[in-house]
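S.K.: Before I ask anything, here is the structure I am working with.
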């Protein structure tokens, strides 16, 4: 991927900072997308790369007790100066340019998300973010959170190397932000209380596949407008989408596949919807909620 574009000003480099659970900090609300057992949520999030609250939402009920409070570090955020951090800033800037134009064409206004680089753990409006959760988007504060050690895992553990594989991960999380701006995340979260965990799994899959499709839409327009793709880039993204398919991860972790427990979609589904967005360049083509076949 070409990385000679501008760097986003919306990257907060919080690496080396952390927050502690204690009174007087950010108030973490109940409800929303967050429900279930923290352990399973973190494990699933580590492998799948989504807001841990959405993973927890599939599992069952976190609405007990008072909201958690965490202390936000008082140090100001810096700008990334290392090569990988600046790469993230370039990719985020490209998503900003692309989605701003697409929203403008549709008569809307794109509100840019912040992207927070952290290490270990960091407080968010969705709870204490941890590196084990992988990259995730928090709709409450409209921020993407990434511990860059995940990109090493993507290469070594998931065997999906390449800069465009990393760009795909960022674009997927920004896809969740687009869903949030469109009201999709709020509407799907409201379904949780009216559905069984098994039925809500299917909703979660459709949410994730749409974010994959939106990532493809970004890649389509970014390449058409700014010629950012290099030979092999598309294959890198598809390899990453395959590597984090529910069926592939389940087969690796437990030796068998349970389709009813999918929350993100199979490898074939994830690559299919990324291709749909990439080949069409159309947000309308990403309506996974009305698709008869995923």
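S.K.: Taking the alpha carbon gyration tensor of the stretch 126-196, what are the square roots of 5 times its eigenvalues, largest first, to the nearest whole Å?
M.R.: 26, 13, 12
S.K.: I need the peptides 92-103, 179-190 ranked by packing, meaning the mean over residues of other C-beta atoms within 10 angstrom, with the highest value on top.
M.R.: So the order, starting with the most tightly packed, is 92-103, 179-190.
S.K.: Given the peptides 162-173, 252-263, arrange them by the average over their residues of other C-beta atoms within 10 Å, most packed first.
M.R.: 162-173, 252-263
S.K.: Continuing with the same structure: How big is the stretch 79-120 in terms of Cα radius of gyration and Dmax, in angstroms?
M.R.: 12.8, 40
S.K.: Taking the beta-carbon count within 10 Å as an exposure proxy, list 202, 290 from fewest neighbours to most.
M.R.: Ordered by Cβ neighbours within 10 Å, fewest first: 290, 202.
S.K.: Could you work out the equivalent-ellipsoid semi-axes for the stretch 170-294, taking the square root of 5 times each eigenvalue of the Cα gyration tensor, largest first, in whole Å?
M.R.: Over the Cα atoms of the stretch 170-294, the ellipsoid semi-axes are 25, 19, 10 Å.
S.K.: Now a separate question. Residues of the stretch 83-100 with amide nitrogen under 20 Å from the 7 Å Cα-to-Cβ point of residue 227?
M.R.: Flagged as within label range: 91, 94-95, 97-98.
S.K.: 7 Å from Cα along Cα→Cβ at both residue 280 and residue 258: what's the point-to-point distance in nm?
M.R.: 3.2
S.K.: For a test of the definition: using alpha carbon positions, the gyration tensor, and the 1.5 limit on a/c, classify the stretch 224-293 as rounded, prolate or oblate.
M.R.: Oblate.
S.K.: Quick check: Cα centre of the stretch 265-294 to Cα centre of the stretch 138-159, how many Å?
M.R.: Spelled out, the Cα-based centre of one part sits 22 Å from the other.
Coordinate-derived values only; no laboratory data. Computed from a prediction, not measured in an experiment: that's the story for all the values here. No Cβ is skipped: glycine too gets one built from the backbone with ideal geometry, and neighbour counts run over all protein chains shown.
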